[in-house]
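Each value in this text was obtained by applying a stated rule to the coordinates, not by laboratory testing. Remember, it's a predicted structure, so these values are computed and weren't measured experimentally. We place every Cβ from the backbone using ideal geometry, glycine too, and count neighbours over all the protein chains shown.
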Amino acid sequence: MRVVVHGRGAGSSRAGLRGLRGVRGLLWVTAELTVTVGVVVLLFVVHQVWWTNRLAAASAQRQVAALERGWGGIGGGPGPAPGELGGSSPAPAATPAPEHVPSPVPAASGSSAGGGGSGPVSAYGVLRIPRLGVVAPIAQGVDKRSVLDKGYAGHYPGTAQPGAEGNFALAGHRNTHGEPFRYINRLRVGDELVVEVRGRTFTYTVRRTLAETSERDVGVIAPVPRSTVRPEFGFGEPGAYITLTTCTPEFSSKYRLVVWGTLVR
């Protein structure tokens, strides 16, 4: 007698093969998507870290060159007297600000805060930091889009003008968009900070630094600058000061780095 055994061997093999092909196809699609997302992220990083720097730095240098040509055209005259550009007045009070820019101390990569608006903004001065090789145009306001993202150093509204009694306070990006303040953590006591306005030069020297403070430390840009978070850092008497602020640590907006200088000539 012949025994016939009914089984599903061939069919099971085909079904298993189809299932394996399905898994392989899913894995292939997943790998393709992962690579595509990775490329997009890489391009975004390149754009933010390299391309925005290139564009902003080039634009900023054109602004500096245009200012210098204009000053040369007026014969390098004496320029405005201290305070002629608006004078000295109390620092603005703290108000909430979105994204990375804090209320009084925007820095490396924020949104708008404390004036400047979103319309066209022209530079009116030049900041030179010889130790770092920085040459950056200065514009009024600390708006992200119209000032800081262009590679400018933004002048806090309500703070003193260059050479005037009080505190001439500036904000600048530490990373991306020209990053003029990227290495201000390397500044040391005695280093020069030179401000030029219509052919007139004001030279400050670095006196103190605050490596880390809160984004809402309004005291650092007060007329007599002193940290409200760390009161042991700052000054106790009136004078002609300059303040540079930016984000810290790098590629973060958690804290603020502050450099203070005093006018020497």
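What distance in nm separates the simple spin-label points at Arg145 and Thr201, each placed 7 Å from Cα in the Cβ direction?
That separation, rounded to one decimal, is 3.8 nm.
If you average the C-alpha positions of the stretch 173-221 and of the stretch 226-252 separately, how far apart do those two centres end up, in angstrom?
10
Can you sort Trp28, Trp260 by how many other beta carbons sit within 10 Å, fewest first?
Values: Trp28 10, Trp260 25.
Lowest count first: Trp28, Trp260.
Got a sec? How would Lys150, Lys254 order by Cβ neighbour count within 10 Å, fewest to most? Don't jump to the answer; show the numbers that get you there.
Details: Lys150 23, Lys254 11.
The most exposed by this proxy come first: Lys254, Lys150.
Skipping prolines and chain starts, which residues have an amide H placed within reach, meaning under 5 Å, of the one on Asn167, given they are 5 or more residues away or on another chain?
Close amide H contacts, sequence-distant or interchain: Ala160, Tyr241.
Please identify which residues in the stretch 149-180 have an amide N closer than 12 Å to a label point set 7 Å out from the Cα of Val224, following the Cα→Cβ vector.
Counting only backbone N, you get 166.
Given H placed on each backbone N at 1.01 Å, which residues far from Lys144 in sequence or on other chains put an amide H within less than 5 Å of it?
Ser112, Ala113
Evaluate the distance, in nm, between pseudo-label points positioned 7 Å from the Cα of Thr30 and of Lys254 along their respective Cα→Cβ axes.
A separation of 3.3 nm, rounded to one decimal place.
Using the number of other C-beta atoms within 10 angstrom as an exposure proxy, rank Glu179, Glu237 with the fewest first. Spell out each step's value before the answer.
Values: Glu179 23, Glu237 5.
Going from least to most buried by this count: Glu237, Glu179.
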